[in-house]
1. State which residue pairs qualify: first residue within 7 Å of chain C (Cβ to nearest Cβ) and at pLDDT 95 or above and inside the stretch B:32-50, second residue in a helix (DSSP H, G or I) and surrounded by fewer than 18 Cβ atoms within 10 Å (Cβ to Cβ) in any location, beta carbons under 7 Å apart, and separation of 6 or more residues or different chains.
2. Out of (1) within 13 Å of chain A (Cβ to nearest Cβ); (2) not in a strand (DSSP E or B), the odd one out for residue C:200 is which?
3. If residue A:129 meets every condition in (1) more than 12 Å from chain C (Cβ to nearest Cβ); (2) crowded, with 17+ Cβ neighbours inside 10 Å apart from one, which number is that one?
4. For the stretch A:345-358, how many residues meet the condition of being assigned to a loop (DSSP other than H, G, I, E, B) and buried (at least 17 other Cβ atoms within 10 Å of the Cβ)?
5. Name the residues in the stretch A:699-753 that are within 24 Å of residue A:627 (Cβ to Cβ), in contact with a helix residue (DSSP H, G or I) (Cβ under 8 Å, 6 or more places away or on another chain) and in a loop (DSSP other than H, G, I, E, B), would you?
6. Restricting attention to strands (runs of 3 or more DSSP E) lying wholly within the stretch A:552-640, give those where 2 or more residues are within 38 Å of the chain's Cα centre (by Cα) and at pLDDT below 95.
7. I'd like the residue in the stretch C:140-154 that is more than 7 Å from chain A (Cβ to nearest Cβ) and in contact (Cβ under 8 Å) with a residue 40 or more places away in the chain and, out of all such residues, is farthest from residue C:267 (Cα to Cα).
8. Name the residues in the stretch C:270-288 that are assigned to a strand (DSSP E or B), more than 11 Å from every other protein chain (Cβ to nearest Cβ) and farther than 28 Å from residue A:589 by Cβ, would you?
């Protein structure tokens, strides 16, 4: 028993005992502990296994850079993998398990990989596993996959909630150590709106774990006093447990706040985590510096950790890593740890300071727990923990997220942040200041919004000096650069020998820096070793690219509430309630929910839709068409505007009449279609397809504002202002007549294509159009959206005596296929007006969008696929959308492809399946028998090409 | 990324819809080469770039944003309407 | 040195001190028969096939940065040939066939893994479109299966079937699709080309293209002038900038596409799955990270990084498709620059300048095309005419009106 709880000290509440389990074994810790500190206090150093060799591992760090001590937390839908034990705040009932080991952490069969480590060098897998070819997928890869990966993730829905929030501030301070606190305090005192964020559970940064003196008090006391002042100010927001994970354009920062990861379960009124987008006028990066390991044999043995980690566990958590320690350092940090540990009564067996002597550690003995270090010259020093410090790397990540590269500095032996302009500046040790007084002064400078920089409190400085020592080449044990990925020092020279000399190539080949800590601890060591191996300087090698996320961010946080049913909003039509009352089945159409069919007892969709068609074609039907886009166009140049938007002409349309319009894109392909009515000389009402409503609106705005700003025209979408219903069938007129005010509907007062403002039901504003998509004598009636349900119910009542039936978009679709009207399947973004059989609509007398490009040879090629009707050759056969069409005697091949079926419907009128198809040179092929190829469903039959209009070719019913 | 809409003020990028190069101009002629250039060819510079942007979740105005395609820095924003008028004069 | 289990063991015995470099680090010669601009997947593959298929070995590949630093090193590693248009499908199917034999061909394990690519559908029209596409694939002899919701559920029971805004109605599955270790593709081609005499020259940036009398004569670089008889441009993402050096204006805009990887996990999802109601697709690497992506940010960009709105959309779509992902963490995101073309399809062609060849416009589909793109571009350069597989990818198709528009979005590059 060597790791233990110190009898005094630390920011833990010794009066509360928190019970937790690790790998099923029960332990206790205190409020204020992390899982890592509680385990160390319980003498547990073995917390995980490495990725490739399954080496036993303990903590290296006491913070978010931890690569080793990753654990699986919680159960069921709350199970989460790969959480850093160093960042988990202990709570009562915590359950954690180790990962990547089988059958147990103590005895892991995977450790056999270590035996073959001489073979398993960097990139070995690129050179083998290729023979026999079929073995890769069947044998090698499944084995590798099972062995790889870290923790096991949940596949169950997460019962917790997440939120998204936005914040704006004058100054965002990232990090709450001395520089961050000073920056926040300075800015806040000048009245600026300040956000101070820190990833840790408590604010204070290094002042929580270092023995400092500031302004005549301890560093901790000064931090608490400063935080007390900040928290009392209304212009300051303090955000502990908040990681600023990325820096984006225009000083936008992404952040995640771990609101409830430190409790057993969040309250039902609070999220687990909250994602923030913070818009900062200025920001200060006071993120501190990361202590680097030294690369020496056995630098991964449990109880070997950074010097700062060791004293943090002792100072902040009252947890001693061991009873007799050895310190290995190349800078002042090691001495500091030795001093602090001695003050806690720990034996310091040796301080091996590379600045003073040539002594180095070549190996750490002990396997699952350090038991001794071996120095060069074979001297062995027994110990039960090792502190190491290879120097400091300013935490420059955020400032490099937008492409700038950090700059090597010899004096501190670290990369300094780049200059990215005044809106985002670094302060303190993140800027390379290694003295406390410099950090405070730098923080004050960075927090000064304008004017003079205020004086800062006096403090005690700890001298800093470093003599780089990267890799102990004499190491007899494995020396790790990237702990989690098991990249060793020897891998980098090997990569260089093989040609992977660029740091980016070396990273990819050795995987150094690609683990979940993204090289926070190991990258600078890797750069140094590669520099040495290739005869380059640190600057010449440079760093790999820093990218978000500073630490990994959960999907849940970034998705927020927009998941499940709330992934996208739901649009309901004004007639939704009416349709629901009648038992409609709704279907997703874009964001809309449309009534699809209205089943009566025992009916499936086909039976219902067929009955609805028969009712409509023989009596009268009512359909909700409110989702069509409706755009109100007004102004002296309204007609001219429409002339330019549509390929056909609208200036010649009479007031009180409607006309079908076809709109092209500028590349000559059909964009959209719909009926436009002229309500007054300078007033039109356009309709668009449901799918393109928003795009057509945007297109009009573009054309007007960018091309023809001189046109005197205004337009607005009124899609949601009007409920629109189609009343179709032989009894449509009789039904409508019963609710229309003061007008007799006949072919004189209201002929085909009439469009007028009217009133219904005794004075209600309405618009009536005599237009038809079904081919029946039909009308579309618009009423203000709020009255839609009421009017629909009134129409149902009015039509009751005629046997009115509601019909949905399935029936609508059947009737449009029967009539050969094109819709989404044919308006697919690749068809021309000619392809759709609407070439004659293209005016030759005016300019319009798409006119010129529609004249290219490929757009007029006679072999283009154009719309035809199709029927099964054997009338009993079913035909299916997506079936391809071949010449009757051709064998299937892509070269023989003639087209495909774009829409089908079961026609209750003709008692057979009908369809529309896009067929090469199709208009010349009516009557031809073709082969129908449906290899996907393995159905092969024959079809007959015909005119697209399958039903009522003479349009008798339309005018009946 | 933030864009300063002349009507609505500074707004986040997701409120906007992009429609590419604003330097191209719809030809008045019926010259096929001019039309082909207009519809299909783009300068696509690395650096300063005038582009059409609609404030689609705001005032719905089409704007011309001058922006650096490497740094995403926005230099200026005018309405497409004003841009078109200045261009006609030029 | 041939890579094999034997060479690995032999080198283990000598402490791995004797591995030969995978490629030389040559200085440029005075001139070459062919220069390829762009040491990414397509450029290196082109050089490889020029040497291997056409015996043209006096070739240099000029890369302005490190080898494979472009989109070959920053994609989401998916291979498939599930295209519907006649101009596309045979090309991508040839690419998939080349993938299937690639590792043995270039003696490098690129971890080609045919784990299946499943596209989900959520509406009837989507299913009809899949049927059309799947049947087009069958016509070309390519595998495709149309799955109903239950079949999808049998494969991936942890997708959201019960609480979804857009219920999963089925999907189309190409079992021969899958993933490949992307960096290894660049390395394998580079090594294979180098072995056959090609000079792969890193940190060599082309600053000017020299022509005389309408014919290419060489390139100016930061390592001096290098002469050539033929010059191939394979610099997708930067095609416009490179082509502009020869005075060409292209039907291309550059856009940024973000991609992501999660922390390493034990096997979670077996194949590639694409959401049909939002922009999200995902697979899992051999190392255990979930590799995923979505749509381009939407604005022209040469920055290899994006912004948060698209990140949020992609992640929302991810959790909408797989609710369990909520507690998985995203490790890293990055961006690549796409040549977004005017019909969503690429260009492999000669140009109006004698000896200048163009390989561009890959949108975000370039990775899967790497072998066939190199193969066809090599053919086009060697024979001075396109192979029938890339015959549709002509530069003049826009002028003539023969676009290859799978999505039907027209001349709006950011919608493809």
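1. Listed by first residue and then by second, the contacts come to B:46/C:241.
2. With (1) within 13 Å of chain A (Cβ to nearest Cβ); (2) not in a strand (DSSP E or B) applied to residue C:200, the lone miss is (2).
3. The number of the failed condition is (1).
4. Taking the stretch A:345-358 as the starting set, the residues that turn out to be assigned to a loop (DSSP other than H, G, I, E, B) are A:345-346, A:354-358.
Next, only the ones that are buried (at least 17 other Cβ atoms within 10 Å of the Cβ) stay: A:346, A:354.
Result for the stretch A:345-358: 2.
5. Result: A:719, A:720, A:721, A:729, A:739.
6. Values: elements: A:585-589, A:592-597, A:621-624, A:629-634.
Hits in the stretch A:552-640: none.
7. Among them, the one singled out is C:141.
8. C:283
The values are calculated or read from the model by the stated rules, or taken from the named source; none is laboratory data. Everything quoted here is computed from the prediction, not taken from an experiment. Every residue, glycine among them, receives a Cβ derived from its backbone with ideal geometry; neighbour counts consider all protein chains shown.
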